[in-house]
Amino acid sequence: MRLRYNFRLYPTPGQQQALARAFGCARVVFNDALRVRGDAHAAGLPYLPDGDLSKLVITQAKKTTGRAWLGEVSAVVLQQALADLNTAYRNFFASVSGKRKGRPVAPPRFRSRKDGRQAIRFTRNARFTVTAGGRLRLPKIGDVRVRWSRALPSEPSSVTVIKDAAGRYFASFVVETTGEPLPEVAAEVGIDLGLTH
C-alpha cells in the first residue's frame, strides 16, 4: 500500500528562487498543453496523444526564444505537469461518463501564478535523494534542509514540493509499504451501569 509522509522544508533564498522558477515552468507547460488541447478540440481535430503533446510544449518549446528558459529546470518536473493535466482530463471524462463515483469533476482549468498553493513533483527518474546528512537533494535546486519528525519506512517513489499560501515549504514523500495486520488482543467486555444504579 502507498503512504504519504509530509515534512517541513527550509530552503535558502537561492533555493527559493530555483523553486519559484520550477513552479513557474511547470505552470507554463500545464497551461500551454491545456491551450493546445482546447484549440484542437475547438478546431474539431482528434485528441492529441501525450507523446505529441510533450514534443510540442516541452521539446520544441525549449528551442524557441520565448520558452528557452524551460531548460533551466528539471525535465521531470515538466513531464509531471503534463501527467497532472492527463490525470485531470481522465478524471473529467470518467465523471462525465458516470464511471467515477462522487461529485462531478470540472474540466481542467488554467493555473494562475496567483494561486495560493504551488506544487511540483519529482519521481525516481529525477534522481532526487535524501543525503546522509538528512537533506533532500533535488535536481537543479540543491540540498534543501528538512525537519524530520520520523523516519521513512522505505525508499520513496516520488516527492512533491509544495509552497502554501503562507509561504511555507513542504516535502510530501510517497512510499510503498506492506500492509501488516495489527496484533491480536484479548477480548474484553465492559458494562456501563450509570451513576444511579
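Between Ala43, Ala20, Ala61, find the one with the highest GNM mean-square fluctuation for the chain; connect C-alpha pairs within less than 10 Å. Checking each option, the largest mean-square fluctuation is seen for Ala43.
Helix content alone sets the calculated 222 nm mean residue ellipticity of the chain: runs of n ≥ 4 DSSP H residues at -39500 (n - 2.57) each, divided across all residues, give -10000 deg cm²/dmol.
Note on the chain: GNM, Cα springs under 10 Å; of Gly167, Gly44, Gly24, the largest mean-square fluctuation is that of Gly44. Each part reduced to its alpha carbon centroid, segment 110-159 and segment 177-197 end up 40 Å apart. For the chain, lysine pairs separated by 8 or more sequence positions, or belonging to different chains, with Cα-Cα distances below 29 Å total 12.
Estimated at 0.36 nm per residue, the fully extended path between Val96 and Trp148 surpasses their Cα-Cα distance by 14.5 nm. Between 0 and 90 degrees, rounded to the nearest ten: what's the tilt of helix 75-97 against the longest Cα principal axis of the chain? Long axis of 75-97 versus the principal axis of the chain: about 70 degrees.
Computed over every Cα-Cα pair of the chain and binned at 5 Å starting from 0, the pair-distance distribution P(r) comes out as 1, 6, 12, 15, 15, 14, 11, 8, 5, 3, 3, 2, 2, 1, 1, 0, 0 percent. The alpha carbon convex hull volume per residue for segment 16-100 rounds to 103 Å³.
Need the full-extension length gain, Ala186 to Ala20, defined as separation in residues times 0.36 nm minus the C-alpha distance. One decimal, nm. Walk me through the numbers before you get to the answer.
Numbers: separation 166, 0.36 × 166 = 59.76 nm, distance 5.42 nm.
Between Ala186 and Ala20, full extension yields an extra 54.3 nm.
Relative protection proxy for 29-37, 105-113, 139-147, from highest mean packing down: 29-37, 139-147, 105-113 (other beta-carbon atoms within 10 angstrom). Across segment 2-176, the relative contact order, built from alpha-carbon pairs under 8 Å that are at least six residues apart, equals 34 percent.
Read the figures in this text as sums done on the coordinates, not as results from a lab. As the structure is a computational prediction, the values presented were derived from the model and not from experiment. Glycine gets a Cβ as well: all are built from the backbone with ideal geometry, and neighbour counts include every protein chain shown.
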